[in-house]
Amino acid sequence: MCPVCWINGLVAFLAGMGLLAVDSPYTPFLVGIAAVLTMYSIWKLWEGYKKWKTFSKEQRSQNWRAIRRFVYGLVVGSVVTSAVWYSVEHEALHGNHHAPVHSHGTDK
């Protein structure tokens, strides 16, 4: 596959799927944008596959390396981002250990 086409298609697909996860008053509008991005991603992936057929064995090898590097970076970035957000949220939820205990009216 052509790495530029493949990466563009993957990024558009991820952005489209990310928009589907957003809950807002503009959800119908976001679903439309997600559908357009998904169609664009499929078109770019198909375009990359058509280019792939004309590549030599050396070009294919170089392209797979580029694609693997991108995917490795994507995975590492996702793991690091998840770890950072988990620590931020964990600290926000449990950071103040000296706060008074909150009761719900059951203590008399």
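Derivation of every value follows stated rules applied to the coordinates shown; laboratory data play no part. Note that the coordinates shown come from a computational prediction; the quantities given were computed from them, not determined experimentally. We place every Cβ from the backbone using ideal geometry, glycine too, and count neighbours over all the protein chains shown.
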Normalized C-alpha radius of gyration of segment 3-93, against 2.2 N^0.38 Å?
1.40
Here, trypsin sites (Lys or Arg not before Pro) of segment 47-90 satisfying both criteria (DSSP loop; at most 14 other Cβ within 10 Å) are LYS53
